[in-house]
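Just below is one structure, and these are the notes that go with it.
The values are calculated or read from the model by the stated rules, or taken from the named source; none is laboratory data. Since the model is a prediction, treat every value here as computed from it, not as a measurement. Here the Cβ positions follow ideal geometry from the backbone for every residue, glycine too, while neighbour counts run over all protein chains shown.
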Amino acid sequence: MEYPGRDLRASGNEIIQRAVVDDWTGALEKAYEHLASVRAELEQANATVTLLEHWAQNMEVNADEEPLAIGEVSILLGVSFVVIRKWERNGLIIVPRNSYNRYRRFGKKEIERRRIIRMLSRTE
C-alpha cells in the first residue's frame, strides 16, 4: 500500500455499505479495522515529524549503534522488502553493504532517510 488515502476511503465505504444493509456487527468490525489503520498512519506520521525536527536541529548520529538488516527495517517502517529495494534501484537511497556477505545494513541515518521517503511517498 503506497498511498493510504485510497485504502482508508475504501474502508470507510465498506463500513457504510455494511450499515446500509443493516449488518451493524460487520460495520463495527470494519470500523475497528479502519481505526487501527488510521492509528498506524498517525504513528508513522508522528515518527516522521519527530525525525524531521531532529534533522532540523542537525542531530548527531551515534556511530556505536548496531545497523539493522533489511527485514528489521521493513518491519520498523511498515513497508515490504520490495519497496526498499525499489527505492535503491530508483536511486532514492544508497544502501551500505556488509563487506563480508554483501547484505544491506541500515544505520540510524539511513533509516531516518527511508522514513522520510516512506512518508513523502504516501502524500500523493
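Tabulated values for the structure
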{"read-out": "Test: residue in region 51-72 that is within 25 Å of residue 7 (Cβ to Cβ), modelled with pLDDT of 80 or more and exposed (fewer than 15 other Cβ atoms within 10 Å of the Cβ)", "value": "yes"}
{"read-out": "Output for region 86-107, where each listed residue is closer than 13 Å to residue 67 by Cβ and either in contact with a helix residue (DSSP H, G or I) (Cβ under 6 Å, 6 or more places away or on another chain) or at pLDDT below 80 (or both)", "value": "95, 104, 106"}
{"read-out": "Tabulated pairs, region 31-43, first farther than 22 Å from residue 19 by Cα, second assigned to a helix (DSSP H, G or I), C-beta under 8 angstrom, 6+ apart or interchain", "value": "41/4; 41/8"}
